[in-house]
Amino acid sequence: MKAAVIGVGHLGKHHARILASIPGVSLAGVVDINRERAAEIAREYGTTAFADPREIAGLSLAVIATPTESHAAIAAPLIDAGVHTLIEKPVTQTLQEADALIAAAKKKGVVLAVGHSERFNPAVVAARPYVNDPRFIEVHRLGTQLGRSLDIDVVLDLMIHDLDLILSMVPSEVESVEAVGVPVLTPKVDIANARVRFKNGCIANLTASRISKDQIRKIRFFQRERYVSIDTAAREVEMFQLVPQPGGMPKIGGGKQPVSGEEPLQSELEDFVAAVRERRAPAVPGEQGRAALALAVRIVELMRQ
């Protein structure tokens, strides 16, 4: 299958690297508005630089890793041409754009996937079996990332990773949201906090910052008789739970859990390619990318009130 990567900046380069290595996939071209950058990446991975993905004949699938504001305009003609498409998160800038792409993909019968790579983080995968009915979730995603993605608020840049995760782990609809955000060093919101209440009573408290001197990527789940902690940066999982004892008080058991797995982006792209081959939905279809965007947009609108 012929593949293309549109946008070969920091993240797009890794998409190109991995696609070029997947059996049965040929990296047919890369596209970037920076012609020199496109040519450089093309040379590195033995492909061709193009000015427009529509110039690549017989294209089967494409990855869009450009700034969010351009996602819809790039994806629409690809989907219309029958090209299976993976779009980096957030899926689009607006919900209307997301709805249009989802409808177009259904009409054309093509796979539309969204690049929420944290779904494939080995620590998240290892922790999922232990997370079944969380009542309180505490999330911190902090770091210094002022050199990129400054076209969007920190909610759409960083917090959306965790919004997608909690939506996939809490079996309930969102009931209410509270949020606050501050544009500290840029015109966009650089640090934000959101409190999300689900209809089943679960509450998630999320903080995201791109102006912290320390990098923290932690998600903590509190549920009846069990606590689960995920460090997505260190790829570590801790789980503690009450263990019943015959004729006595229960004891606390658990500790660090085994974590194994490959690079999240590798798993994400392998799932996308497999979804195309097997004619099935990807792990994160357009509808789920849209759900994460909807919650993020709701948070951003509250911050601006």
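The values are calculated or read from the model by the stated rules, or taken from the named source; none is laboratory data. Because the structure is a prediction, the values reported are computed rather than measured. For neighbour counting, all protein chains shown are included, and Cβ atoms are generated from backbone atoms with ideal geometry for every residue, glycine included.
Inspection of the stretch 18-38 identifies at least one residue that is without any contact (Cβ under 8 Å) to a residue 12 or more places away in the chain, within 19 Å of Ala274 (Cα to Cα) and of a type outside the set (S, T, N, Q). Checking each residue in the stretch 96-120 for being among the aliphatic types (A, V, I, L, M) and surrounded by fewer than 16 Cβ atoms within 10 Å (Cβ to Cβ) picks out only Ala103.
Checking the stretch 131-144 against the condition returns a match, with at least one residue being assigned to a loop (DSSP other than H, G, I, E, B) and modelled with pLDDT under 95.
Being acidic (Asp, Glu) and either in contact with a Phe, Trp or Tyr (Cβ under 6 Å, 6 or more places away or on another chain) or within 22 Å of Lys89 (Cβ to Cβ) (or both) is the filter here; which residues of the stretch 11-61 pass it? Passing the criteria: only Asp32.
Out of Arg37, Arg17, which single residue is part of a helix (DSSP H, G or I) and farther than 22 Å from Glu270 by Cβ? Talk me through it step by step, then tell me what you get.
Values: Arg17 fails: farther than 22 Å from Glu270 by Cβ.
Just a single option satisfies the conditions, and that option is Arg37.
Checked against the criterion of being of a type outside the set (A, V, I, L, M), closer than 30 Å to Pro264 by Cα and more than 22 Å from the chain's Cα centre (by Cα), the stretch 187-200 contains not a single residue that satisfies it.
Of everything in the stretch 35-82 that is over 25 Å from the mean Cα position of the chain (by Cα) and polar (S, T, N, Q), the residue that is surrounded by the most Cβ atoms within 10 Å (Cβ to Cβ) is Thr47.
Enumerate the strands (runs of 3 or more DSSP E) found wholly within the stretch 147-252, keeping only those where 3 or more residues are free of Cβ contacts under 8 Å to residues at least 60 places away in the same chain.
Details: elements: 174-182, 191-198, 203-209, 211-223, 226-231, 236-245.
Counting at least 3 such residues, we get 174-182, 191-198, 236-245.
For the structure I just gave you, tell me whether Arg298 is part of a helix (DSSP H, G or I), of a type outside the set (S, T, N, Q) and assigned by TED's automatic domain parsing to the domain that holds Ala103. Here the answer is no, as Arg298 does not meet what is asked.
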